[in-house]
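Heads up: the structure comes next, in structure tokens.
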Amino acid sequence: VNFLCDAPSIRAISFVGGNLAGEHIFDRGTKNGKRVQANLGAKNHATIMPDSDRETTVNQLVGAAFGAAGQRCMALSTVIFVGETKEWVHDIVEKARKLKVGSGLDPATEVGPLISKESKARVEQLIQQGVDDGA
């Protein structure tokens with residue numbers, strides 16, 4: 001990591017991960033004159049540009065957000081829609097509503113169970129936060 005932060009040939013760094021590592025990368029990288037994008041708290045994100053293929057993008061977003069019940073390290077939790085792509089949210093909602101929720105032992109299941117009671121409580125809190133915020 002320090003090599004990336006110090007190497008003169010590297011002009012910018014983008015990091016997604018924990019606070020401790022992110023703060024180190026941001027501090028060291030910016031001290032070396034680099035542009036640093038540090039998305040801390042391990043929130044993976046996507047930026048959707050207007051020239052993206054709509055169907056492919058929607059399919060990939062649904063898989064990234066809901067695959068493995070959203071509990072894998074690369075699960076997508078934040079999406080930035082640029083321009084008219086914000087209208088694609090309706091397509092994502094429609095596709096998500098059609099996902100088969102069920103037992104992790106059923107091969108037809110597309111969204112399996114959460115891994116713990118704590119995970120379930122966290123998901124319920126996030127849903128309520130979304131409702132409170134107008135979702």
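Since every read-out is calculated from the coordinates, none of them should be taken as a lab result. As the structure is a computational prediction, the values presented were derived from the model and not from experiment. With ideal geometry, Cβ positions are generated from the backbone for all residues, glycine too; neighbour counts draw on all protein chains shown.
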Practice task
Give, in nm to one decimal, the length gained when the segment between Ser103 and Leu40 is fully stretched (0.36 nm per residue of separation minus the Cα-Cα distance).
Solution key: 19.4 nm
Handout entry: Distant-in-sequence amide H partners of Gln37 (H built 1.01 Å from N, under 5 Å)
Key = Ile13, Ser14, Phe15
Practice task
Excluding residues fewer than 8 places away in the same chain, name every one of the lysines whose C-alpha is closer than 30 Å to that of Lys31.
Solution key: Lys43
Fill in the blank from the handout: One finds the C-alpha centres of the stretch 90-115 and the stretch 5-27 to be spaced, in Å, by 35 Å
Exercise for the section: Compute the acute angle (0 to 90°) between the alpha-carbon long axis of helix 19-31 and the principal axis of greatest extent of the alpha-carbon atoms of the chain; round to the nearest 10°. Expected result: 40 degrees
Completion exercise
Once amide hydrogens are built 1.01 Å from N within the peptide plane, the residues lying 5 or more places from Val79 or on another chain with amide H under 5 Å from its amide H are Ala46
Handout entry: Helix 117-132 axis, angle to the chain major axis (alpha carbon atoms, nearest 10°)
Key = 90 degrees
Handout entry: Within the chain, helix-based [θ] at 222 nm, where runs of 4 or more DSSP H residues each add -39,500 (n - 2.57), nearest 500
Key = -12500 deg cm²/dmol
Exercise for the section: Please find, in a Gaussian network model of the chain (springs between Cα atoms separated by less than 10 Å), the residue of Asn32, Asn19, Asn59 whose mean-square fluctuation is greatest. Expected result: Asn32
Problem - Whole-Hz ³J(HN,Hα) from phi, Karplus 6.51 cos²θ - 1.76 cosθ + 1.60, for the stretch 3-14, glycine and proline x - result: 4, 4, 5, 9, 5, x, 6, 9, 9, 8, 9, 10
Fill in the blank from the handout: Taking 0.36 nm per residue of separation between Glu118 and Ser14 and subtracting their Cα-Cα distance, the length gained on full extension comes to 34.4 nm
Completion exercise
the stretch 65-116, Kirkwood Rh and Cα Rg, ratio Rg/Rh at 1.05
Fill in the blank from the handout: Excluding residues fewer than 8 positions from Lys98 in its own chain, the aspartates and glutamates with Cα under 19 Å of it are Glu55, Glu87, Asp106, Glu110
Fill in the blank from the handout: Rounded to the nearest 10 degrees, the helix 54-66 long axis (Cα) sits at an angle to the longest Cα principal axis of the chain of 90 degrees
Exercise for the section: Taking the Cα centre of the chain as origin, sum charge times position over the Cβ atoms of Lys and Arg (+1) and Asp and Glu (-1), and report the length of that vector in debye to the nearest 20. Expected result: 400 debye
